[in-house]
Amino acid sequence: MSAADQGWDETTRPTLAQPATEPGRTSYAGDQQGAAEHLVAVHDHLRAELERLRSLVDDVRRGLLSAGGARAEVHEMSMRQNNWTLGAYCRSYCGFVNGHHTLEDAGVFPHLRRSEPAAAPVLDRLQDEHVVIHGLLDGVDRALVRLVRDQDAAALDTVEQSIDLLADRLLSHLAYEERELRGPLARHGFF
């Protein structure tokens, strides 16, 4: 079992204390909330697309959706970019998550490290979690390759297990990131 399969101990996640200059501050003016609200909006989109993906796999498993029906459903999804198969949709979703994490790692996190050095332990943890999530995304891709090759119930089981594991880790990660970065993003923005 790999480290990614074992998950992470959420109790070991560092947390940010309120800065000394803002004792007790729990909210920010509307114009300060833009960056944090944007992060949550992107995360909400990831959550919705993940849930839809899980629902499609469930529909295929229960025989409620034919291959043609699944293709039509995938076509209607907001991140489709002309993806006509479950595998292509998953690849697109995985690419979007990877791109989102790359933007954070290369741009947002360095800015927050400079602007709020006390955030470094949280940012380090978030980057470590990005690595785990990327490994899980690769696992979903491998499972989809197997499904295309084998087209059997065991392969569909593997796809479903891979997506469930990804969902568990990704949803936890998104909630942690939002909780810890809402204040720093309100204070410093994205860049």
Looking at A41, A72, which is the one that is open to solvent by less than 80 Å² (accessible area, probe 1.4 Å), part of a helix (DSSP H, G or I) and at pLDDT below 70?
-> A72
What number goes with the only condition from (1) within 15 Å of the chain's Cα centre (by Cα); (2) in a loop (DSSP other than H, G, I, E, B) that F191 does not pass?
-> (1)
In region 115-169, what residues are open to solvent by 10 Å² or more (accessible area, probe 1.4 Å), of a type in the set (D, E) and within 30 Å of R187 (Cβ to Cβ)?
-> E116, D124, D128
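Going through R146, R113 one at a time, which residue ends up being within 29 Å of L53 (Cα to Cα), part of a helix (DSSP H, G or I) and basic (K, R)?
Answer to the selection: R146.
The values are calculated or read from the model by the stated rules, or taken from the named source; none is laboratory data. Please read all numbers here as calculations on a predicted model, not as lab measurements. Heads up, the Cβs are rebuilt from the backbone with ideal geometry, glycines too, and the neighbour counts pull from every protein chain shown. Surface areas here come from the heavy atoms of the whole protein model, side chains and all, with no ligands, DNA or RNA. Shrake-Rupley method; radii C 1.70, N 1.55, O 1.52, S 1.80 Å.
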